[in-house]
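The values are calculated or read from the model by the stated rules, or taken from the named source; none is laboratory data. This structure is a prediction, so every number in the text was calculated from the model and none was measured. All Cβ positions, glycine included, derive from the backbone under ideal geometry; neighbour counts span all protein chains shown. These accessible areas exclude ligands, DNA and RNA; they are computed on the full protein's heavy atoms, side chains included. Shrake-Rupley method; radii C 1.70, N 1.55, O 1.52, S 1.80 Å.
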Amino acid sequence: MRRLVVILAAIVAAQPAQAQLMDVLTAPKTLIDRAIEARSASDIAKDNLIVAKVNGYMGKHTTIKASTEIYEQRLLITGLFDDKSTYDQFQQDVRSIEGVKKLYWHVTYLPKDDPKRKTLPSWADTVEMGIKAQGRLIGTKGVADVNFRTTVDSYGNLYVIGRARSQEEAKKAVSRLREGEGIRKVVNYIDVRP
């Protein structure tokens, strides 16, 4: 148990502030989910190492404008940067990380003074949409919610990554995710594998 607490503390310390807040709010469920997830501890450790490297690059660039989700070394990054130089360097750094099997890059650059920013959902709104999306999967019969990760970007797009045991399970999960208020579209990165 002590070892688990030390590992958890190291992971939390490596995450940006918004990710740490989400971990505190969802920690009990997250720990239980990881224990029953259909993956090996080694696979989960590889994912955690990759996320720690991404978070290290966010620290290097003093930014929390990106969000990560990962499953089986398939890395999904969303975010909205207002500084082009930081955006470019962060992207270069992330693309250099070893061990990433597939990178889904959904980070955009939009200047601070661009009028489109006024029409975008707030950070709080996107966090709420993401939490509700994951919650919809929890009670869905036939969907192993522990095998899915969801996030919502600054444009109201919901992304799901993970693994379904059947095509039916994947369809059911995506259908439930589409039901959320404010969700413009669902981007599906679910692998189907028994």
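Quick check on segment 57-69. Is at least one of its residues part of a helix (DSSP H, G or I) and touching a strand residue (DSSP E or B) at 6+ places or on another chain (Cβ under 8 Å)?
Residues of segment 57-69 that are part of a helix (DSSP H, G or I), as a first pass: 57-60.
Filter once more, so that each one left must be touching a strand residue (DSSP E or B) at 6+ places or on another chain (Cβ under 8 Å): 58.
Scanning segment 57-69 turns up at least one residue that is part of a helix (DSSP H, G or I) and touching a strand residue (DSSP E or B) at 6+ places or on another chain (Cβ under 8 Å).
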Out of all the residues in segment 146-167, which are in a loop (DSSP other than H, G, I, E, B) and more than 24 Å from Pro194 (Cα to Cα)?
-> Asp153, Ser154, Tyr155, Gly156
Number of the condition not met by Tyr87 [criteria: (1) free of Cβ contacts under 8 Å to residues at least 60 places away in the same chain; (2) within 24 Å of Ala41 (Cα to Cα)] | (2)
From the list Val143, Val127, Val100, Val107, which residue is in a helix (DSSP H, G or I) and among the hydrophobic types (A, V, I, L, M, F, W, C)?
-> Val127
Given the structure, is Leu177 crowded, with 16+ Cβ neighbours inside 10 Å, without any contact (Cβ under 8 Å) to a residue 60 or more places away in the chain and closer than 25 Å to Thr63 by Cβ?
-> no
Cβ-Cβ under 6 Å pairs, at least 6 apart or on other chains, segment 139-153 side open to solvent by less than 20 Å² (accessible area, probe 1.4 Å), far side part of a loop (DSSP other than H, G, I, E, B) and not charged (D, E, K, R) = Asn147/Ala38
Of the listed residues (Asp93, Asp113, Asp88, Asp43), the one being in a loop (DSSP other than H, G, I, E, B) and more than 16 Å from the chain's Cα centre (by Cα) is Asp113
Might you let me know whether segment 123-138 holds any residue that is open to solvent by less than 30 Å² (accessible area, probe 1.4 Å), closer than 22 Å to Tyr104 by Cα and among the hydroxyl-bearing types (Ser, Thr, Tyr)?
-> yes
Criterion (of a type in the set (Val, Ile, Thr), under 25 Å from Asn48 (Cα atoms), crowded, with 19+ Cβ neighbours inside 10 Å and modelled with pLDDT of 95 or more) met by exactly one of Val187, Val94 | Val94
